[in-house]
Amino acid sequence: MQALEQYLLRVAPSREVLVGVSNINPLREGMLETFLKGVQQAGVSNYVVVALDEETERELKFSNVNVLYMPLQISKSQAETGDNHAVSALKFGILKKFLMLGWAVLLSDIDVAVLQNPFKHLHRDHDLEGMSDGFDSATAYGQIEGYDDPSMGWARFAQKESHFNLNSGLFYVAANPRTVELMQRLEMRLSREKYWDQTAYNEEVFFLSHDGYRSPGVRGRAQG
């Protein structure tokens with residue numbers, strides 16, 4: 001952790017860092033090159049690519065890219081979910097290390113096109129700011145919907161809150177105990193369960209405390 005802290009002090013002294021996680025496949029396909037070109041053209045210098053294999057690290061160092069080598073193994077539970085999902089499931093454990101050192105993280109999947117400096121569009125007033133999969137105000141930010149169960153007689157009508165999920169491929173997370181716990185939970189769940197990381201992410205962010213389950217209590221902001 002000390003080596004990671006020293007590296008972050010050098011590339012992101014403001015204690016905010018854009019993080020992408022990649023193995024060799026996006027590099028070979030040209031996707032990582034496109035991502036990095038957007039990051040650099042947008043003037044983002046406080047970024048790092050976490051390389052999961054030596055070849056990716058070597059190629060990025062040769063290109064003078066900010067790169068950290070973390071040789072993490074894909075868990076057995078994620079081994080047959082496809083390369084993209086398996087790699088994506090690793091990111092929560094990676095982010096936990098950054099958060100524990102006090103760095104806020106803007107996590108971006110490698111397939112995101114960066115056109116402007118994203119740090120200029122953050123509010124920084126919640127634990128988490130994430131991109132919604134919603135397509136209008138109601139689906140992205142929430143709405144109250146009616147529910148009708150005629151079998152309940154006079155009490156047949158109820159209401160529920162509904163919104164689309166946050167996308168786990170682009171989000172900003174502040175460094176505090178709640179977000180560290182969130183990343184810890186997701187890391188543990190995805191190391192044991194064959195589960196889509198985006199589903200687990202939204203469950204842990206939005207599900208209410210109940211019975212023996214306690215929510216990590218993160219406060220979220222949806223970015224349209």
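The values are calculated or read from the model by the stated rules, or taken from the named source; none is laboratory data. The model shown is predicted, which means the values in this text are computed figures rather than measured ones. Heads up, the Cβs are rebuilt from the backbone with ideal geometry, glycines too, and the neighbour counts pull from every protein chain shown. We work out accessible area using only protein heavy atoms, side chains counted, and drop any ligands, DNA or RNA first. Shrake-Rupley method; radii C 1.70, N 1.55, O 1.52, S 1.80 Å.
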Item to check | Subset of the stretch 188-223 (residues that are open to solvent by 40 Å² or more (accessible area, probe 1.4 Å), modelled with pLDDT under 95 and within 16 Å of Leu107 (Cα to Cα)) | outcome: Gln223
Checklist entry - Inside the stretch 103-120, can you point out the residues that are open to solvent by 50 Å² or more (accessible area, probe 1.4 Å) and more than 17 Å from the chain's Cα centre (by Cα)? => result Leu115, Gln116, Lys120
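Look through Asp111, Asp149 and report the one residue that is of a type in the set (Asp, Glu) and more than 30 Å from Ala51 (Cβ to Cβ).
Exactly one of Asp111, Asp149 is of a type in the set (Asp, Glu) and more than 30 Å from Ala51 (Cβ to Cβ), namely Asp149.
Can you name the strands (runs of 3 or more DSSP E) wholly within the stretch 127-224 that have at least 1 residues being under 13 Å from the mean Cα position of the chain (by Cα)? Can you show your working first?
Numbers: elements: 128-132, 143-148, 157-162, 166-173, 220-223.
Per the criteria, 128-132, 166-173, 220-223.
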Checklist entry - Does the stretch 164-171 include one or more residues that are closer than 29 Å to Phe35 by Cα, free of Cβ contacts under 8 Å to residues at least 60 places away in the same chain and open to solvent by 40 Å² or more (accessible area, probe 1.4 Å)? => result yes
Checklist outcome for this item: The residue that is surrounded by the fewest Cβ atoms within 10 Å (Cβ to Cβ), considering only those in the stretch 121-160 that are farther than 20 Å from Asn46 by Cα and among the basic types (Lys, Arg), is Lys160
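So, in the stretch 32-43, exactly how many residues are buried (at least 21 other Cβ atoms within 10 Å of the Cβ) and either without any contact (Cβ under 8 Å) to a residue 40 or more places away in the chain or within 22 Å of Lys96 (Cα to Cα) (or both)? Even if it seems obvious, please write down each step before you answer.
Within the stretch 32-43, the first condition is being buried (at least 21 other Cβ atoms within 10 Å of the Cβ), and the residues that meet it are 32, 35-36, 39.
Restricting the remaining residues to those that are either without any contact (Cβ under 8 Å) to a residue 40 or more places away in the chain or within 22 Å of Lys96 (Cα to Cα) (or both) gives 36.
Of the residues in the stretch 32-43, 1 are buried (at least 21 other Cβ atoms within 10 Å of the Cβ) and either without any contact (Cβ under 8 Å) to a residue 40 or more places away in the chain or within 22 Å of Lys96 (Cα to Cα) (or both).
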Item to check | Members of the stretch 1-23 that are farther than 17 Å from Phe92 by Cα and either in a strand (DSSP E or B) or open to solvent by 20 Å² or more (accessible area, probe 1.4 Å) (or both) | outcome: Gln2, Ala3, Glu5, Gln6, Tyr7, Leu9, Arg10, Pro13, Ser14, Arg15
